[in-house]
1. Taking the residues in the range 1-32 that are among the aliphatic types (A, V, I, L, M) and within 15 Å of I56 (Cα to Cα) as candidates, determine which candidate is surrounded by the most Cβ atoms within 10 Å (Cβ to Cβ).
2. Which one of these does Y9 not meet: (1) on the phi < 0 side of the Ramachandran plot; (2) within 10 Å of the chain's Cα centre (by Cα)?
3. Looking at the range 26-56, which of its residues are closer than 17 Å to T72 by Cα and touching a Lys or Arg at 6+ places or on another chain (Cβ under 7 Å)?
4. Which residue is nearest to R11 (Cα to Cα), if the candidates are limited to the range 58-81 and must be in a loop (DSSP other than H, G, I, E, B) and touching a residue at least 60 places away in the same chain (Cβ under 8 Å)?
5. Somewhere in the range 38-57, is a residue closer than 13 Å to L24 by Cα, in a helix (DSSP H, G or I) and hydroxyl-bearing (S, T, Y)?
Amino acid sequence: MAPYGYDPYGRPYSDKSKTTAGLLQIFLGCFGVGRFYTGHTGMAVAQLLTCGGLGIWALIDGIIILTSGTVTDAQGRPLRGG
């Protein structure tokens, strides 16, 4: 059994938290921290090199992470809700 259970589609939940990822992205998104946290290193490096799209990309990305129900980690597992 997966340590955090399964989503309605039978996918195991990630060990990463959606709230943590979203808040890291909003507050430290210029450095790509939220995306490094979820394992999306390519996107994180792009945010690091562009300073999070001058902050706009980082802010929007953080809001999407917090509000979307389909955000996954690098292994394709949905982020935990808490």
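1. Across the range 1-32, the extreme among qualifying residues is L24.
2. (2)
3. Y37, T38, M43, A44
4. Ranking the candidates gives R77 first.
5. Yes: the range 38-57 contains one or more residues that are closer than 13 Å to L24 by Cα, in a helix (DSSP H, G or I) and hydroxyl-bearing (S, T, Y).
Coordinate-derived values only; no laboratory data. Predicted model, so just to flag it, every value in this text is computed and none were measured. Note that each Cβ is placed from the backbone with ideal geometry, even for glycine, and that neighbours are counted across all protein chains shown.
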